[in-house]
Amino acid sequence: MSDLPLPELRADCGACSALCCVVLPFDADQGFGFDKEANTPCSHLCADFSCGIHARLVEEGFTGCTRYDCHGAGQRTTRLFAEVNWQAAPEHAEEIFRVFSTLQQLHGQQALLALALGRVAAAPLRERLLERQQQLEALCRQAERQEPVALDAVQTATRRLLQQLASEPAIIALRTFPAREP
Ligand code: SF4
């Protein structure tokens, strides 16, 4: 098994170019205030990548924003494209958005595996989860090189692993995937 350093799985919005506020679609029915197409900036997003209504998101009907977590994919993508950002260099926006979109799904699965690892004590099960973490990190690096990742198959494989471990009661609650697809 390879031993790749695993990514930070907590969002650091201060180190991000507000990618979730642009790349993800909004649906008013799901707590995002209004409907918004994918890859379109939220109308409340400021030029410095801060949120113009951050202090009153709930009152404004944006509870979805308060629940969303990119699990570190935002700052990872922003760091990868440190020389450019989607706002100042719109010619790079498509590739930046594509990488973020892939990383946020892979990081979402990484976060589930980390949760599972925190609940499973048996060594053989832990080995399988650790191996899957390494596979997902290898795919993150593939995405960073802008090589295609078969996300449906990847998600199915992670879900199957968690289902196979379903006899572990602590795992049962984790068999959902929180990442939103653009
Ligand atoms: S993409 Fe992640 S790090 Fe960036 S603003 Fe959204 S939640 Fe924060």
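Values for this structure:
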| quantity | calculated |
| --- | --- |
| Whether the stretch 57-148 is rounded, prolate or oblate, judged on the alpha carbon gyration tensor where a/c under 1.5 counts as rounded | oblate |
| Tilt relative to the chain, helix 93-117 - C-alpha long axis, 0 to 90 degrees, to 10 | 40 |
| Estimated [θ] at 222 nm from DSSP helical runs (n ≥ 4, -39500 (n - 2.57)) normalised by residues in the chain, nearest 500 | -14000 deg cm²/dmol |
| Principal-axis tilt of helix 123-144 within the chain, Cα atoms, nearest 10 degrees | 30 |
| Computed lengthening from Thr40 to Gln142, 0.36 nm per intervening residue step minus Cα-Cα distance | 34.2 nm |
| Net length gained if the chain between Leu130 and Thr63 were fully extended (0.36 nm per residue, minus Cα distance) | 20.8 nm |
| Rounded, prolate or oblate (a/c below 1.5 giving rounded, otherwise prolate when a/b exceeds b/c) for the stretch 1-128 by Cα gyration tensor | oblate |
| Cα-based helix-to-principal-axis angle, 151-164 vs the chain, degrees rounded to 10 | 40 |
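Read the figures in this text as sums done on the coordinates, not as results from a lab. Source: prediction; values computed, not measured.
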